[in-house]
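Worksheet for the structure shown next.
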């Protein structure tokens, strides 16, 4: 599969897809759908994906499908076709942590981190395109970085600032009384 195949990959998000391969013979969601932790290599339960960055042994890369999806939900639908199944995968340490001891594949935690960086880079590129087209607001955002206007502070923030200011004021009054007592003595 090349990059364009991953971008258009539908997988199990297709309503007509046969999802029976995603469950065992008792009807439980399979977690051994990845080559890296499908220890049995049982004919009835073949691996469907690899966790590696690129295809491996003819299996599509779950990493690449995740990275080419617009959201984690979309990736979940493509990979397993069900949010409930995705939640089951989230309980599998090899899926979350990756092959840390071997360093062969990354887990979902690392995918999420990289996806956030990728999305931020994409947004910055879009701002640059808008700024080059004369969009003054985009130019300001690029110039200021992430320090854009934030809006009104929350009630909790106002209360916290008022309490801090009152404490500071009480300290000044206390210091003033001590200084006055020393001067008068």
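The values are calculated or read from the model by the stated rules, or taken from the named source; none is laboratory data. Just so it is clear, the model here is predicted, and its values are computed rather than measured. A quick note on method: Cβ atoms are made from the backbone with ideal geometry, for glycine too, and the neighbour counts reach across all protein chains shown.
Residues are listed down the side, and each one gets a yes or a no for (1) touching a helix residue (DSSP H, G or I) at 6+ places or on another chain (Cβ under 6 Å); (2) in a loop (DSSP other than H, G, I, E, B):
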{"residue": "17", "(1), (2)": "no, yes"}
{"residue": "21", "(1), (2)": "no, no"}
{"residue": "26", "(1), (2)": "no, yes"}
{"residue": "36", "(1), (2)": "no, no"}
{"residue": "43", "(1), (2)": "no, yes"}
{"residue": "47", "(1), (2)": "yes, yes"}
{"residue": "52", "(1), (2)": "no, yes"}
{"residue": "65", "(1), (2)": "yes, no"}
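For the range 69-88, give me each residue that is surrounded by fewer than 20 Cβ atoms within 10 Å (Cβ to Cβ) and assigned to a helix (DSSP H, G or I).
Passing the criteria: 72, 73, 74, 83, 84, 86, 87, 88.
So is residue 6 modelled with pLDDT under 90, over 17 Å from the mean Cα position of the chain (by Cα), surrounded by 13 or more Cβ atoms within 10 Å (Cβ to Cβ) and part of a helix (DSSP H, G or I) or not?
Yes.
Please state which one of 35, 45 is out of contact with any strand residue (DSSP E or B) (no Cβ under 8 Å at 6 or more places or on another chain) and assigned by TED's automatic domain parsing to the domain that holds residue 10.
Details: 35 fails: out of contact with any strand residue (DSSP E or B) (no Cβ under 8 Å at 6 or more places or on another chain).
Every option except 45 fails the conditions.
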